[in-house]
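All of the numbers you see were taken from the coordinates with simple rules; none came from a lab. Here the structure is a predicted model, which means the values were calculated and not measured. Glycine gets a Cβ as well: all are built from the backbone with ideal geometry, and neighbour counts include every protein chain shown.
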Amino acid sequence: MNESEFATLAGLALAEIEQRLEASDADLDFELASGGVLEIEFADGSKIIVNRHAAAQEIWVAARAGGFHFRHDGGVWRDTRDGEELFAKLSRLVSAQAGTTVDLLS
C-alpha cells in the first residue's frame with residue numbers, strides 16, 4: 001500500500017469511528033483534529049486517543065487498557081497482536097472506560 005492509499009483508508013476509518021461515536025448514546029466527548037488524531041474523552045476525564053501512524057501504515061489506539069496497533073489486511077483494520085478487528089476492539093475499550101456498553105460495530 002502506498003502513502004496515499006494508507007492516508008485514504010485511515011482517514012475513512014477515523015471518520016467512521018467519529019460517526020459511530022456520534023450515533024451512540026454514550027456520555028463522552030470526541031474530536032477529530034487535523035492530522036488524523038481522534039481524541040475521545042470520558043466523564044471521568046480519562047481519554048482514548050486514536051491516530052494514524054503513516055510510517056508504520058497503522059492506526060494506533062492508546063487507552064487505559066494499553067496501546068494497540070491496527071494494520072489494514074485488505075478488507076478491515078486488524079490488531080497486529082491478536083487479529084481482532086478495529087471496531088470490535090474499540091467497542092470493548094470504549095465500553096470499559098465509559099462504564100457502560102457502547103456498540104461501535106454497526
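Can you tell me the dipole magnitude for the chain around its Cα centre, using point charges on the Cβ only (Lys, Arg +1; Asp, Glu -1), in Debye to the nearest 20? Please list the in-between numbers first.
Values: 9 positive and 19 negative charges, 73 e Å.
Taking the Cα centre of the chain as origin, the dipole is about 360 debye.
Let's test the formula: R0 of 35 Å, r as the Cβ-Cβ distance of GLU5 and ASP44. What FRET efficiency results, to the nearest 0.05?
0.40
Can you work out ³J(HN,Hα) from phi for every residue in the stretch 43-48, in order, using Karplus 6.51 cos²θ - 1.76 cosθ + 1.60 and θ = phi - 60°, giving whole Hz and x for Gly and Pro?
Along the stretch 43-48, the couplings run 4, 7, x, 6, 9, 10 Hz.
How would ILE59, ILE48 line up from fewest to most surrounding beta-carbon atoms within 10 angstrom?
Lowest count first: ILE48, ILE59.
Quickly work out the GLU31-to-LEU105 label distance, labels modelled 7 Å from Cα along the C-beta direction, and quote it in nm with one decimal.
Each label point is offset 7 Å from its Cα along the Cβ direction, giving 3.2 nm.
In Å³ and rounded to a whole number, note down the convex hull volume per residue for the Cα atoms of the stretch 25-75.
Spelled out: Cα convex hull of the stretch 25-75, divided by residues, is 107 Å³.
With an 8 Å cut-off on Cα pairs and a minimum separation of 6 or more residues, tell me the relative contact order of the chain in percent. Present the calculation step by step, with values, prior to reporting the outcome.
Details: 156 pairs, mean separation 21.1, N = 106.
Averaging sequence separation for qualifying contacts and normalising by length gives 20 percent for the chain.
Quick one: the Cα spread of the chain along its three principal axes, in angstroms, biggest first?
39, 29, 24
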